[in-house]
Amino acid sequence: MTGTKPNPEPVHIVGAGLAGSEAAWQVAESGVRVVLHEMRPHRMTEAHRTDGLAELVCSNSFRSDDAANNAVGLLHAEMRRLGSLIMRAADANQVPAGGALAVDRDGFSAAVTKALNEHPLIEIHRSEIQGLPPADWSNVIVATGPLTSAPLAEAIRELTDENALAFFDAIAPIVYKDSIDMSVAWFQSRYDKMGPGGTGADYINCPMTKEQYDAFVDALISGEKTDFKDWETNTPYFDGCLPIEVMAERGHETLRHGPMKPVGLTNPYDPTVKPYAIVQLRQDNKLGTLYNLVGFQTKLKHGAQQRVFRTIPALEKAEFARLGGLHRNTFLNSPKLLDAQLRLRAQPQLRFAGQMTGCEGYVESASIGLMAGLYAAADARSQTLAPPPATTALGSLLGHITGGHIETIEPGARSFQPMNINFGLFPPLASLPTRNPDGTRLRGNEKTVAKKQAISARALTDIDRWIADNLRVAAAA
Ligand SMILES: Cc1cc2nc3c(=O)[nH]c(=O)nc-3n(C[C@H](O)[C@H](O)[C@H](O)COP(=O)(O)OP(=O)(O)OC[C@H]3O[C@@H](n4cnc5c(N)ncnc54)[C@H](O)[C@@H]3O)c2cc1C
């Protein structure tokens, strides 16, 4: 895309991490001026160590690079098609990591910093934005990440409301619905309550015997845990949202009186036997493809989570779209607060990007930065950009954070928690593949593989069409 209209107003981007850097690149490559505001090195976060743009604060991995079989690999591929700076710098600084895309973190950050520094349409200001951006900035992207500095975070909280900006996440594992054994589990809400928008059969229930419960509690307590960072400890937040293993440590029966209480539910497969405990799963997205384990926010290590949670009856073969966690974070209740173009409904000149929008991970953050950049550039050029198709990785992630998640708890509370890209966010295929390319019938795991590959192929076709229809047209305008 090249600029065609006079554009005196630059796009202001606050935060030059993964999302802000990608957004700046996309805006500038569209021919629109950018002022990029980054507070480091004058003010550091608790996790960043350098003054480099797009610093990776922990792992150096962008996860799987397999576009045919893995949703994050697919996201890489779509971003590359859109000229992503983050992907270009990652590809140029790759280190050996099997099927994953891992990078030399210093080389990666240096490449991003150099590209942005040298871009004629980008001005970089090294200063902290200590409150809401000035009212005369008409086109702003806030991409200040999970460790947004306190004065800005406080101003955003005041602009939204108490529940709209969270400072910690409390992530319960999410499983693909089609991996739950429904010959053991059943749909029912406690006491068949309909609730607002419910049917009386909204939860998936997994029954446990006493022996299964005892073994489960022991496994939770002995499972390997990740530690809180120094700056994550001592927060009152965790009193209201305890990790499940901490609840288990408080007493052997605590979970049976909390999230695993067996009351108000009848097992239709064996109505005469009352389960000793019940694990409930609640629908997590509008498509109904993902279910979260209610009350199971956890600091268990990922391997331990899979091992322990697969001991739950009906979840023996569960496939996890996301595993649980608790972290210091700063993120909006985006489905409520943001429109489909990532603008704050209450102040549309403010657009959000990156982890603040409720996506999680380096790649996801950069991808939402990419979309925010394209939308901001379109606004600056008085153009309208159609959303990427819901069948693409970009479209499905964007759709989830701006509306695809469903609020499933009491009004006033919030259930939206950060999300990685995964195949559960994509709309189902019109028809499932049944045969291998050689004509033989698909069996067992081949069906899952073929389904993922068909979703990926559909996504790449659709993103190419979207680029051709929208961005090439814009470039030619
Ligand atoms: C401790 C920790 C470990 C993590 N480990 C991983 C991991 O291993 N893998 C993974 O995929 N993801 C990881 N994440 C998540 C990761 O942070 C995000 O995925 C990603 O960096 C978020 O991108 P972002 O652009 O939204 O925020 P960031 O990359 O954090 O960028 C935000 C930028 O905004 C700047 N900033 C903040 N406030 C202001 C202000 N008021 N004015 C100006 N500038 C400001 C910051 O200095 C920073 O440069 C981790 C997060 C944390 C906190």
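Scanning region 197-205 finds one or more residues that are assigned to a strand (DSSP E or B) and not aliphatic (A, V, I, L, M).
Here the helices (runs of 4 or more DSSP H) wholly within region 1-103 that include at least 1 residues being under 20 Å from the mean Cα position of the chain (by Cα) and surrounded by fewer than 18 Cβ atoms within 10 Å (Cβ to Cβ) are 71-81. Please specify each residue of region 181-196 satisfying the condition of being of a type outside the set (Asp, Glu) and either part of a loop (DSSP other than H, G, I, E, B) or touching a helix residue (DSSP H, G or I) at 6+ places or on another chain (Cβ under 6 Å) (or both). Passing the criteria: Met182, Ser183, Val184, Ala185, Gln188, Ser189, Lys193, Met194, Gly195, Pro196. Assess whether Gly361 counts as being open to solvent by 10 Å² or more (accessible area, probe 1.4 Å) and more than 30 Å from Met194 (Cβ to Cβ). Yes: the conditions hold for Gly361. Scanning region 331-348 for residues that are at pLDDT 95 or above, open to solvent by 10 Å² or more (accessible area, probe 1.4 Å) and either within 14 Å of the ligand (Cβ to nearest atom) or in contact with a Lys or Arg (Cβ under 8 Å, 6 or more places away or on another chain) (or both) yields Asp339, Gln341, Arg343. Take the conditions among the charged types (D, E, K, R), at pLDDT 95 or above, open to solvent by 50 Å² or more (accessible area, probe 1.4 Å) and within 26 Å of the chain's Cα centre (by Cα) and apply them to Arg126. Does it pass? Considered against the rule, which asks whether it is among the charged types (D, E, K, R), at pLDDT 95 or above, open to solvent by 50 Å² or more (accessible area, probe 1.4 Å) and within 26 Å of the chain's Cα centre (by Cα), Arg126 comes out as no.
The values are calculated or read from the model by the stated rules, or taken from the named source; none is laboratory data. Keep in mind the model is a prediction, meaning the values are calculated, not measured. Positions of Cβ are backbone-derived with ideal geometry, glycine not excepted, and every protein chain shown enters the neighbour counts. Side chains are part of the model used for accessible areas, which takes the heavy atoms of the whole protein and leaves out ligands, DNA and RNA. Shrake-Rupley method; radii C 1.70, N 1.55, O 1.52, S 1.80 Å.
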